[in-house]
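The values are calculated or read from the model by the stated rules, or taken from the named source; none is laboratory data. As the structure is a prediction and not an experimental result, all values here were calculated from the model. So basically every Cβ, Gly included, is an ideal-geometry build from the backbone, and we count neighbours across all protein chains shown. Heavy atoms of the whole protein, side chains included, go into the accessibility calculation; ligands, DNA and RNA do not. Shrake-Rupley method; radii C 1.70, N 1.55, O 1.52, S 1.80 Å.
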Number of protein chains: 2
Amino acid sequence: MDINSEIAKLDWSREPKGLYAPIGYTLEAGGKRVRPTLALLACQLFGGNEQEVLPAALALEVFHNFTLLHDDVMDNASVRRGRPTVHVKWDANTAILSGDQMLIEAYKLLSQVPANKLAQCLQLFNKMATEICEGQQYDVDFEHRDDVTIEDYMMMIRLKTSVLLATALQMGAYIANATEQQQHALYEYGIHIGLAFQIQDDLLDCYGDPKTFGKAIGGDIAEGKKTFMWLTYQSKAQSQAIHSHDLTEVLTAYNQYGVREIAEKQIEQLTTKALAYLDTLPQNEATEQLRQLAAHLINRKS
Amino acid sequence: MDINSEIAKLDWSREPKGLYAPIGYTLEAGGKRVRPTLALLACQLFGGNEQEVLPAALALEVFHNFTLLHDDVMDNASVRRGRPTVHVKWDANTAILSGDQMLIEAYKLLSQVPANKLAQCLQLFNKMATEICEGQQYDVDFEHRDDVTIEDYMMMIRLKTSVLLATALQMGAYIANATEQQQHALYEYGIHIGLAFQIQDDLLDCYGDPKTFGKAIGGDIAEGKKTFMWLTYQSKAQSQAIHSHDLTEVLTAYNQYGVREIAEKQIEQLTTKALAYLDTLPQNEATEQLRQLAAHLINRKS
């Protein structure tokens, strides 16, 4: 099943255009479609019916794009996937209202899963959606706090990034009749992959190759963000807390305490844990693809 | 069952406070609780179990307050129910994110209806939520259009105001095992009461008593809003379209064409239709209360 062509089948040409056109614009911009792909892979892993998982897979992708749309308003970001953001192309009110409708559309898609599985899918979805909002709020809160620990940070990125990947996997597995234990294993694989992904993101912002990274190096440092790198440095060099926004200066400080190596080791440990969860599951083409996804994440350059 | 004490039982003290405190603030401000009251009255009308309807009633009230929260950001309104709006007391980003979470909370509440009725309740809720967003978009669109007809306006206020009342009634009736025909009759009662309510609102803005209306007379006129009054005038006095924002001037023009009487007649006709739908239903204490609600709406001064 090609997820992009399934997303393209969704019709956003209806009236009022001011409400639906920005939804179509957001969804057609692409992206890696990681979440629906994970839901479908989980389904394949357990030999489930992809048509039954498809509504959930689409709901998760629409929900993910809803969060990006509202995040872009809140961050006042002007570019997303190489194009003007909705609040730039239209206006902030359009981004708010079309985003609200996207969240409702996600629930409409979700309600098309098999009737006997609706209640549980709804519960998983509601829990995940709540955690994403909580993660977003913690991220905002952390900007104004001086006592954020690495544990706080891991909790925040778990909510903000991991639970959506984990829920996509669990929901696909659940609809494909996996056992609770199997669903749990896939969920935890998703959690750990998500954490590794985010720390890799933090790492690339410092040490990525500008040619392949796709954006300028040092963006987090320029913004003074409390990333894994920054928090690790603070915990090591307590009396010498660094508040510089200069890339060279900050990297020199990081290098002094081996922050890069600590982050690389953390990514490796998280990935190893993620893979161990996969070992407990049936081994087939889908499991292999999930393994390759993990390998891809730790070797990626962008 | 006292709906206010049921709303007060919802716990918004959890972490992160920045996400949940604005939700508690919004819900504790009161309001008339019309929507959950309608859901419970519909339940009583058919001798249903109020405990089964309660989650839906609460979901509808939380949803309604979510729309107010996001509407206030979009309208840049600074006061709601006599208190600073969330985006004033906190900030716009808080209002956006806490609003998103409120919408998710509405779905969480809705998911607690009896399992065998969840799918249908979810479908009714999704349809209603979609129509509200569409109504809001049409309202925005109409501001920039010169060709809005009274029919367009009735369609818009049906979406923006009526469907939430109608869905509250239908959902309460559905959960209380009313027939489809009975649900339809209550739904149409809600639609017509909602339309009458909105036109009464437009009328009071022109001819209300400042002592009892609660806000300044002529707000719609000052803003140049395309209300039922304004559109009726335009349709009568085509060559003399009025663009004045002066209350006395506009009312003089309205009086010339009997706009007040046309609006009063429209309200009366809509209320009569609403009451006719009630006549087709079982007659008991709940039906009587719904009749009183209709009478109250057409005689209200604020």
Residue match in segment A:57-79 (condition: assigned to a helix (DSSP H, G or I), open to solvent by 10 Å² or more (accessible area, probe 1.4 Å) and away from chain B (no Cβ under 14 Å)): yes
Please work out which residue is least open to solvent (accessible area, probe 1.4 Å), limiting yourself to segment A:81-119 and to residues that are among the basic types (Lys, Arg) and touching a helix residue (DSSP H, G or I) at 6+ places or on another chain (Cβ under 6 Å). A:LYS117
Please find, within segment B:15-30, the residue that is nearest to B:HIS70 (Cα to Cα) out of those that are at the interface with chain A (Cβ under 10 Å from one of its Cβ atoms) and open to solvent by 10 Å² or more (accessible area, probe 1.4 Å). B:GLY18
For B:THR179, are the conditions met, namely being under 30 Å from B:LEU45 (Cα atoms) and surrounded by fewer than 18 Cβ atoms within 10 Å (Cβ to Cβ)? yes
Sort through B:GLY190, B:GLY172 and tell me the only one that's crowded, with 24+ Cβ neighbours inside 10 Å, closer than 30 Å to B:LYS225 by Cβ and among the small types (Gly, Ala, Ser). B:GLY190
Listed by range, helices (runs of 4 or more DSSP H) wholly within segment B:94-208 having at least 1 residues that are away from chain A (no Cβ under 14 Å) are B:150-157, B:163-175, B:180-207
Residue list for segment B:1-40, filter: among the hydrophobic types (A, V, I, L, M, F, W, C) and more than 10 Å from B:ALA57 (Cβ to Cβ): B:ALA8, B:LEU10, B:TRP12, B:LEU19, B:ALA21, B:ILE23, B:LEU27, B:ALA29, B:VAL34
Within segment B:209-241, of all residues that are more than 25 Å from B:ARG81 (Cβ to Cβ) and open to solvent by less than 20 Å² (accessible area, probe 1.4 Å), the one modelled with the lowest pLDDT is B:ALA237
Is it true that B:ILE150 is crowded, with 17+ Cβ neighbours inside 10 Å and modelled with pLDDT of 95 or more? no
Quick one: in segment A:1-56, of everything that is in a loop (DSSP other than H, G, I, E, B) and small (Gly, Ala, Ser), which residue is nearest to the chain's Cα centre (by Cα)? A:GLY31
Yes/no for A:LEU122 being open to solvent by less than 10 Å² (accessible area, probe 1.4 Å), in contact with an Asp or Glu (Cβ under 8 Å, 6 or more places away or on another chain), closer than 27 Å to A:ALA57 by Cβ and without any contact (Cβ under 8 Å) to a residue 60 or more places away in the chain: no
Restricted to segment A:209-247 and to residues being touching a residue at least 60 places away in the same chain (Cβ under 8 Å) and assigned to a helix (DSSP H, G or I), the residue nearest to A:VAL79 (Cα to Cα) is A:PHE213
